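Peer 1: Can you read through this structure? Questions will come right after.
The values are calculated or read from the model by the stated rules, or taken from the named source; none is laboratory data. No experiment lies behind these values; they were computed from the predicted model shown. Virtual Cβ from ideal backbone geometry, glycine too; neighbours counted across all protein chains shown. Side chains are part of the model used for accessible areas, which takes the heavy atoms of the whole protein and leaves out ligands, DNA and RNA. Shrake-Rupley method; radii C 1.70, N 1.55, O 1.52, S 1.80 Å.
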Amino acid sequence: MAQQNINQYVYQKYRINLESDSMDMSLASDERDYSEEVVFSPYLIAETYGKKLPINIDINNPLTAQPLNLSYKNYNNNNVFVSQNYYNPDNLNLDCLSAGTTCDIGLTGIDNGLVNKMTGETLYYTEGIFEDSVKFDRLRYDRRFKMIQVTGYTGTYERFSGVTGQTLYEIVSKNDPIAGKYHELYGGFYQGFYKLFGYDYEVMPERVTKGWSIEMVLKPRLKNEYNPLPNETTLNKLYPQNKNTFFYLGTRAENKFYHHADGHPNCYTGYTRVTTPLANCLETCACCDKRITNSRCIFVYPPRSKDGKHDSHLNYGCDACGGLKEKKLTCGCGCGDSPCETCGWECQTHNCGTIIEPTPTPTPTPSATPTCQVIEPICTPTCTPCVTCTDCVTCGPTGYTSVEDTCEKDPLFDSISNAISFKLCGDPKNPSIGVKVLRFTGGCETTGTCITGQTYMTGYTIQEYCSPPIYPRCEKENPAWLNLEHWFQVDAVWSRYTNFDFCDLKYFGGLADITEIRPLDSLANNTVNLIQPPLTHNGKFGETIEIIQLNKKWLSDTEHRLGRLKIYVNGKPIYTLENFEEIIPRALTTDKERQLAVPFNISWGGGTQGLHENLTFSSCSGLTDNYIQDPELFPNNILSATTLSGISTNILLEQNFGGTFEGGISQFRMYVEPLSGDEIKHNFNLLKDKFNMFDPDCPDCGDEFCEIDDFGYVIGTTTSTTIPITTTTTTIFDTKLLLTQDFESIITQDGDSIIWATPTPFLYNFDSREVLFGRNYIKDDRDIKYLITDKFSELLKSTKPITTKNWFDDGWWGDQKDTPQCVGYAWAHWLEDGPVEQSGTPPIIQPSVIYQNAQKLDEWVGENYDGTSVRGAVKYLKVRNKVSSYYWAYDLQSLITTVLNLGPVVVGTNWYEGMFYPNTKGIIRSTGRLAGGHAYVINGVDTKTKMFRIKNSWGKIWGQKGHAFISFNDMSRLIREQGEICLAKEIKS
């Protein structure tokens, strides 16, 4: 019989091959819905596979982040992230792809801090790969997605009066012993673009066939280390409803050049525009520069039609030999035809003092040709070369000409259905995950009258959703656990209901619905130019422009953009939104030169500034300085508090998405496929220990503990349990939840005293800020020769196996108070307790004496510092003839064996905020921020409950009469973080 699985499919599979050739059946896993990567891979899903994971940023990874020391209010221009992966689904030879440049990046790049000047900056781009020496250059973009820390430069120039304080965008680098490097955000966040509209740069698909996923590792901050001054602010202070936004996708701002430079805003003559000096003089860098072939020469602000009138019946094309503007196609608006407009597409002239020519390249001498047979146009974008004149010099234009739109634009169309964000809702201690989108509804609303007639505004709606809180169990069982900061992994997965082939993505509800590519001559009513020489002679087409405009077809195709949005926290789904319409980022409704690096943006750690930090020129003569802010680029909420409250704008992005995450960020991934639940769980299982994240499969709110791979436990509820011990004494264990196996009670033994005393939540108001830590550490490789398990191996072999031991520890209790002398107190406690009794009045050596002399013998020069080492103190005890020798351990099992069989030990470990406050059972957790290094005694262990008992140096009013209990799991972590265990051989006095 052929090798088959139990479903009787002859199919290649993992199986057991039997030695005998004769068999009835082979064992195999079911091949259906089976992911080898989830089961076998030790790496994150698609960790190095850019086709599925094009954006992979890890602050700990030198391939994606530089080792910078970021401090508060010190902006580092080198703070740039670069994705480890890149998107190359067609496996192109990236060495064959050329690079391009654009010199207009300053027009828009100054608004988010990409550049600090509006002119003279050049952005380099390629869909290949730049050399590694410029990998982190903030102005060189290749196929690897890049993000910069946003900032603003309005504080250097003239800030608008409606913004009363400087807005801060600060980021501080941190280092955790386990989680590693991460960044704390104090108003700052990261932003990057994946496509340059109109240029050959696109490093991620504008739309995906099945869906997408984002995954981040975040830690909400509960207490600020830094705060703005009275004359400073943040986006969160301005827009508290957007606080804790951690992801944004869409355009980062509206078109900042949407209005004419001169004149007044519609319906408000009380304000003359501050940009009036820029009318018809401020041009893009392609003007008069023949070297630039990938951009057009246009005015930065839309020019006005002559006399404010545009006759749709006239030819407004650019003609090199005189022009045909007066030639009407029909009778015209004064002869009964449709009325004249105020604006439209028209030819504009740009006068050039000098024309920059490209550097000539040597070419073979051509054969003689008639002088005027083919004349290359010297103007852009579309000019009709002379075909009838005989003198090309006198017939040619005196400057550059271009077809430009003289109409003002409505910035509303730039933002609606072009933005989505995710944020934390509610209390950051137990937050919900929120989603926010700005949707195009298509309805028209009458908004009032202006001079004559009525104006209309395309309808839009703001949709917001919030999941349930992410830690419901801990809020119910142990609210104190929520008072500590916790890392968590959040995943947002959108999957479309109907999958499309790649070629259908543009046309089934895609950008083809709202995109039109038009010849510029056609827009200027000069279509005759498209069917006459020289275009018909040389086979060329007239220059075109891509126009984006929302329309009715976009709404009618909504069904093709519907799907399911699912939110996961720590590998567990917590919220699902059905019929969630896809957001497809798109370009702005203006020329590409006016929107460089603005659409197709992604933000991590925040939303978007919008145009809050906008800057523009104050005149056409000083283009490198004296920038100002344009009031018409602010939302109504800022204008309303100024003398310009009569101006109404459709600037929506800033007020709806201007917010930042308050906390730590570590990892960010964006997949171009919807991750499955098991893939998300796979990533969480790889990261949960590194970030000490709450595990929904083993819920631990600080009371009970599950060992790794131990899933045999059930949470049972009880109000009180009588716990038998080895003596005749019993006590009541008062708790709401007990960890039980098969619903059997836990038997707790402790030898001399009961581990679980009747709980008192807090015996006094303990303030961790008053504690000074004093354990310092330097690794000494010689310790490997003096391990506890090696020295006492024979003794340990001969001991009778036991499961619980608590050594006598009531010889003397000390309180270090606000001194850094924990090492001295730990060794003083160790001398007074344990198996060896010392004579004399306790303490036989004062902790301060141990501490002071330890500083003389420890690893550091001098004594002008706080703290000392565990080694320095035990060396002093040896000098004092209190110990004869000392030995070390650096693993959990050695610690268990030593305390069970040999005696108490002094340990030195990191100390976290969660360890300051024992819960009602005396348990401490290694959670929260790192507070410092601490030394203490471990003098008890219970292998059934998997807990150690510690004796601390903060007096009997702390914890359970001076004791606390810590799990094997947490202690194992502390040992791995350069923890040390010291056992000394005590001499009885």
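Peer 1: What pairs from K195/K243; K195/K552; K476/K688; K195/K506; K51/K688 go past 19 Å between their alpha carbons? Before the final figure, lay out each step's value.
Peer 2: Values: K195/K243 28 Å; K195/K552 26 Å; K476/K688 22 Å; K195/K506 16 Å; K51/K688 26 Å.
Cα-Cα > 19 Å for K195/K243; K195/K552; K476/K688; K51/K688; rest within.
Peer 1: Now a separate question. What FRET efficiency comes out for the pair D866/S161, r = Cβ-Cβ distance, R0 = 56 Å, nearest 0.05?
Peer 2: On the way: r = 49 Å, r/R0 = 0.88.
So the FRET efficiency works out to roughly 0.70.
Peer 1: Students often forget the sequence filter, so: which lysines lie under 26 Å Cα-Cα from K237 once same-chain residues fewer than 8 apart are removed?
Peer 2: Hits, sequence-local ones excluded: K73, K174, K219, K223, K256, K423, K429, K436.
Peer 1: Report the trypsin sites (Lys or Arg not before Pro) located in the range 877-945 that are in a DSSP loop and have at most 12 other Cβ atoms inside 10 Å of their Cβ, or state none. Don't jump to the answer; show the numbers that get you there.
Peer 2: Values: sites: K878, R880, K882, K921, R925, R929, K944; in loops: R880, K882, K921, R925, R929, K944.
Within the range 877-945, the qualifying trypsin sites (Lys or Arg not before Pro) (loop, at most 12 other Cβ atoms within 10 Å) are K944.
Peer 1: Got a number for carbon plus sulfur as a percent of the range 875-961's accessible area, 1.4 Å probe? It would help to have the intermediate numbers written out before the result.
Peer 2: Values: 1210 of 2400 Å².
C and S atoms contribute 51 percent here.
Peer 1: Under a point spin-label approximation (7 Å from Cα along Cα-to-Cβ), what is the L63-K946 distance to one decimal in nm?
Peer 2: If labels sit at L63 and K946, their model points lie 3.4 nm apart.
Peer 1: Kindly provide the trypsin sites (Lys or Arg not before Pro) of the range 182-255 that DSSP labels as loop, not H, G, I, E or B, and whose Cβ sees at most 14 other Cβ atoms within 10 Å.
Peer 2: On the way: sites: K195, R207, K210, R221, K223, K237, K243, R252; in loops: R207, K210, R221, K223, K243, R252.
Sparse-neighbourhood loop trypsin sites (Lys or Arg not before Pro): K210, K223.
Peer 1: Quick one: how many Å² of K779 are accessible to a 1.4 Å probe, rounded to 10?
Peer 2: 140 Å²
Peer 1: Cα centroids of the range 932-967 and the range 459-516: how far apart, whole angstrom?
Peer 2: The range 932-967 and the range 459-516 have Cα centres spaced 43 Å from each other.
Peer 1: Further question on the same structure: Can you compute the equivalent ellipsoid semi-axes for the range 166-222, i.e. the square root of 5 times each eigenvalue of the Cα gyration tensor, sorted largest first and rounded to whole Å? Write down the numbers at each step before the final one.
Peer 2: Values: eigenvalues 186, 65, 24 Å².
Values for the range 166-222, descending: 30, 18, 11 Å.
Peer 1: Non-local amide H neighbours of E170 (under 5 Å, H modeled in plane, Pro and chain starts lacking H): which ones?
Peer 2: For E170, whose amide H was placed from the backbone, the distant partners under 5 Å are Y186, G187, G188.
Peer 1: Counting only protein heavy atoms and using a 1.4 Å probe, what share of the accessible area of the range 585-679 belongs to carbon plus sulfur, as a whole percent?
Peer 2: Values: 880 of 1990 Å².
Carbon and sulfur atoms account for 44 percent of the accessible area of the range 585-679.
Peer 1: Determine, for the range 919-985, the count of lysine pairs separated by eight or more sequence positions (or lying on different chains) whose alpha-carbon distance falls under 17 Å. The partial results should precede the final answer.
Peer 2: Values: K921/K944; K921/K946; K921/K951; K921/K956; K921/K961; K951/K961.
The result is 6.
Peer 1: While we're here: For the range 50-165, with all protein chains present and a 1.4 Å probe, just round the carbon and sulfur fraction of the accessible area to a whole percent. Mind showing how you got there, number by number?
Peer 2: Details: 1960 of 4760 Å².
Carbon plus sulfur share of accessible area: 41 percent.
Peer 1: Here is a further query. Are there trypsin sites (Lys or Arg not before Pro) in the range 54-138 that DSSP marks as loop and that have at most 14 other Cβ atoms within 10 Å, and which are they? It would help to have the intermediate numbers written out before the result.
Peer 2: Details: sites: K73, K117, K135, R138; in loops: K73, K117, K135, R138.
Those satisfying the criteria are K73.
Peer 1: Another question, if that's okay. Roughly speaking, what is the stretch gain from Q978 to T789, that is 0.36 nm per residue apart minus the C-alpha to C-alpha distance, in nm to one decimal? Don't skip to the end; give the middle numbers.
Peer 2: Numbers: separation 189, 0.36 × 189 = 68.04 nm, distance 1.85 nm.
Fully extending the segment from Q978 to T789 adds 66.2 nm.
Peer 1: Which of the three applies to the range 775-837, rounded, prolate or oblate, going by the alpha-carbon gyration tensor with a ≥ b ≥ c and a/c under 1.5 meaning rounded?
Peer 2: Details: a/c = 3.02, a/b = 1.27, b/c = 2.38.
It comes out oblate by the Cα gyration axes.
Peer 1: Now a separate question. With every protein chain present, what accessible area does V437 have (1.4 Å probe, heavy atoms only), rounded to the nearest 10 Å²?
Peer 2: For V437, solvent-accessible area is about 0 Å².
Peer 1: Might you tell me the accessible area per residue for the range 214-309, computed with a 1.4 Å probe and given in Å²?
Peer 2: Working: 3810 Å² over 96 residues.
Per residue, the range 214-309 has 40 Å² of solvent-accessible surface.
Peer 1: From the alpha carbon gyration tensor of the range 66-136, can you work out the equivalent ellipsoid semi-axes (sqrt of 5 times each eigenvalue) and give them in Å, largest to smallest? All intermediate terms of the calculation are to be shown ahead of the outcome.
Peer 2: Numbers: eigenvalues 136, 73, 18 Å².
Taking √(5λ) for each Cα gyration eigenvalue gives 26, 19, 10 Å.
Peer 1: Just read off the accessible area of F299 with the full protein assembly in place, 1.4 Å probe, to the nearest 10 Å².
Peer 2: The value for F299 is about 10 Å².
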